[in-house]
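First up is the structure itself, then whatever we jot down about it.
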Amino acid sequence: MDTKITLTEKEIPTSWYNIQADLPEPLPPLRHPGTKEPTRLPPPLFARALDEQEFSQERYIDIPEEVQEIYKLWRPTPLYRAYNLEKALDTPAHIYYKYEGVSPAGSHKPNTAVAQAYYAKKEGCKRIATETGAGQWGSAISLACQFFGLECKVYMVKISYQQKPYRRIMMETWGASVVASPSEDTEIGRKLLKEDPGCTGSLGIAISEACEDAFSHDDTLYSLGSVVNHVLLHQTVVGQEAMKQLEKIDVYPDIIIGCIGGGSNFAGVLLPFVKDKIAGKKPNLQIICVEPEACPTVTKGPYTWDFGDVAGMAPIVLMYTLGHSFVPPPVHAGGLRYHGMAPIICHLHKLGFIEARAEYQIPTFQAAVQFARTEGIIPAPEPAHAIKVVIDEALKCKQSGEKKNILLALSGHGHFDLGAYEQYLSGKLEDYEYPEEKVKEALAQLPQVPG
Ligand SMILES: *Cc1c(COP(=O)(O)O)cnc(C)c1O
């Protein structure tokens, strides 16, 4: 049996799959932050093509040829069978993982970054402003802007800026300019720094800064690395490839497991499969989203209307949320520190097609190290949360004797997270309890939406 299931360049998908065509109930509308009325994406911020994709009901959307050409630099990505991990766990389960760490930026994020830079350029934009958490989105968009000759300004969450200088250097190498957020470069940044000079930042704050930047520059578009429908759409190249790869060995997964920060990498994998579950073809398919116990949006947050950002400038969306003003503890999985969640993920959860679990970071790193010592790849802390659950499920199979096929979304490598590994290996890593009081405070500030 093959350890690595590969595809040829010709087998890279030529269209993105749009789940909106197959949802049993349509997504709730976005609402304007001021009027609370249904709204499109804020027009000065996003490329028109992305706004169209955001609300499109077409099942398949063509991937532009220029984007396909760039995809070929790292796509198709490999799908592995985790023989060594299975053996170490002594499980009858078959574990497969789809690995996005082979992209130049080391994660799935360039799949959407390249598409977004392409549309920005096509519509005459000169510059992109964006935010980044752990630095993965920032590096992806810096790379993509460089490919299309666009300037790039990145607001990087301060805790990560301090913990991860190499991510910043990577972005600068690809030509971007990077500041720690909250920064002195925007009004909202200056306000927050005045209130709390020690503020370690959050993805929500950085989003507000980048939006303000794009609002105040005519030649600048804003760009998001997760959460919104068009980003999840672009990521479906991953799941479509994984499905083809598994078809080659006659496998359909029983369980699909991935981590969710804003929801994009896992959506990319699960959406082409959940289509079969919605259609009633695979009623027993189990889909498990994993988040950190320190920021348990789907497992503990209410399903309600909230702002996408801290400043209340972004549209209001119906989602699971911990409150837009919630700043999560500084766990190492920086990419999982967002207060809300992709509306598509929330909607599918609400309709009962997917489930969610939360994990602490110490057992997460324990799982990551076991993965590295068996499979070789050092995973990013974000997908390590999913690996923890893969191991739990594989051990359940050992007890029950079931030979389940488990598919793991391995969204990226952890080469820039070795500081976190060092803390784990030297016994210095801490677990953060669910910050119940802080969430309660944040939930008291939800916007009021009539109806
Ligand atoms: C950004 C990131 C995540 C979290 O974001 P999603 O939109 O939920 O995918 C997960 N894994 C990696 C490697 C990332 O870079």
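The values are calculated or read from the model by the stated rules, or taken from the named source; none is laboratory data. This is a predicted model, so every value here is computed, not measured. Note that each Cβ is placed from the backbone with ideal geometry, even for glycine, and that neighbours are counted across all protein chains shown.
Only one of the numbered conditions (1) of a type outside the set (A, V, I, L, M, F, W, C); (2) in a loop (DSSP other than H, G, I, E, B); (3) under 24 Å from the mean Cα position of the chain (by Cα) is not met by Glu52, and that is (2). Out of curiosity, is Leu395 more than 16 Å from the ligand (Cβ to nearest atom), in contact (Cβ under 8 Å) with a residue 40 or more places away in the chain and in a helix (DSSP H, G or I)? Judged against the criteria, Leu395 is a match. Scanning region 218-260 for residues that are polar (S, T, N, Q) and away from the ligand (no atom under 14 Å from the Cβ) yields Thr220, Gln240, Gln245.
The number of residues in region 63-109 that are more than 22 Å from His230 (Cα to Cα) and acidic (Asp, Glu) comes to 2. The criterion of being away from the ligand (no atom under 16 Å from the Cβ), surrounded by 23 or more Cβ atoms within 10 Å (Cβ to Cβ) and not assigned by TED's automatic domain parsing to the domain that holds Asn405 does not hold for Ala115. Among residues of region 299-348 being of a type in the set (A, V, I, L, M, F, W, C) and part of a helix (DSSP H, G or I), the one that is nearest to the ligand (Cβ to nearest atom) is Leu336.
Here region 274-290 is the region considered, the condition is being of a type outside the set (Lys, Arg) and without any contact (Cβ under 8 Å) to a residue 60 or more places away in the chain, and the residue that is nearest to Lys244 (Cα to Cα) is Asp276. Listed by first and then second residue, the pairs linking a residue in region 343-359 that is in contact (Cβ under 8 Å) with a residue 12 or more places away in the chain to a residue that is acidic (Asp, Glu) and in a strand (DSSP E or B), with Cβ atoms under 8 Å apart and 6 or more places separating them unless they lie on different chains, are His349/Glu355; Ala356/Glu291; Arg357/Glu291; Ala358/Glu291; Glu359/Glu291.
Only residues that are among the charged types (D, E, K, R), out of contact with any helix residue (DSSP H, G or I) (no Cβ under 7 Å at 6 or more places or on another chain) and under 30 Å from Gly138 (Cα atoms) were counted across region 76-104, and they come to 0. For region 129-143, the set of residues classified as in contact (Cβ under 8 Å) with a residue 40 or more places away in the chain, within 15 Å of the ligand (Cβ to nearest atom) and farther than 9 Å from Ala206 by Cβ consists of Ala134, Gly135, Gln136, Trp137, Gly138, Ala140, Ile141, listed by residue number. If you go through region 398-411 and keep only what is outside any helix (DSSP H, G or I), among the polar types (S, T, N, Q) and away from the ligand (no atom under 16 Å from the Cβ), you end up with just Asn405. What are the residues in region 37-49 that are crowded, with 18+ Cβ neighbours inside 10 Å and more than 20 Å from the chain's Cα centre (by Cα), if any? Pro42, Leu45, Ala47, Ala49 - these are the residues of region 37-49 that are crowded, with 18+ Cβ neighbours inside 10 Å and more than 20 Å from the chain's Cα centre (by Cα). Scanning region 360-378 for residues being within 14 Å of the ligand (Cβ to nearest atom), without any contact (Cβ under 8 Å) to a residue 60 or more places away in the chain and buried (at least 20 other Cβ atoms within 10 Å of the Cβ) gives a total of 1.
Name the residue that is nearest to the chain's Cα centre (by Cα), counting only residues in region 130-158 that are part of a helix (DSSP H, G or I) and surrounded by fewer than 24 Cβ atoms within 10 Å (Cβ to Cβ). Give the derivation first.
Kept after step one, since they are part of a helix (DSSP H, G or I), are these residues of region 130-158: 136-148, 158.
Checking the rest, the ones that are also surrounded by fewer than 24 Cβ atoms within 10 Å (Cβ to Cβ) come to 146-148, 158.
Numbers: Gln146: 22, Phe147: 22, Phe148: 23, Lys158: 19 Å.
Ranking the qualifying residues of region 130-158, first place goes to Lys158.
Residues in region 1-30 that are without any contact (Cβ under 8 Å) to a residue 40 or more places away in the chain, surrounded by fewer than 14 Cβ atoms within 10 Å (Cβ to Cβ) and either among the small types (Gly, Ala, Ser) or touching a Pro at 6+ places or on another chain (Cβ under 8 Å) (or both): Ala21 only.
When residues in region 393-421 are screened for being buried (at least 17 other Cβ atoms within 10 Å of the Cβ) and within 23 Å of the chain's Cα centre (by Cα), 14 of them pass.
Each residue in region 174-191 was checked for being touching a residue at least 12 places away in the same chain (Cβ under 8 Å) and not in a helix (DSSP H, G or I), and 12 pass. When region 155-197 is limited to residues that are of a type in the set (Lys, Arg) and in contact with a strand residue (DSSP E or B) (Cβ under 6 Å, 6 or more places away or on another chain), the one that is nearest to Pro330 (Cα to Cα) turns out to be Lys158. Residues that are within 16 Å of the ligand (Cβ to nearest atom) and either assigned by TED's automatic domain parsing to the domain that holds Tyr252 or part of a strand (DSSP E or B) (or both): does region 29-49 have at least one? No, region 29-49 contains no residue that is within 16 Å of the ligand (Cβ to nearest atom) and either assigned by TED's automatic domain parsing to the domain that holds Tyr252 or part of a strand (DSSP E or B) (or both).
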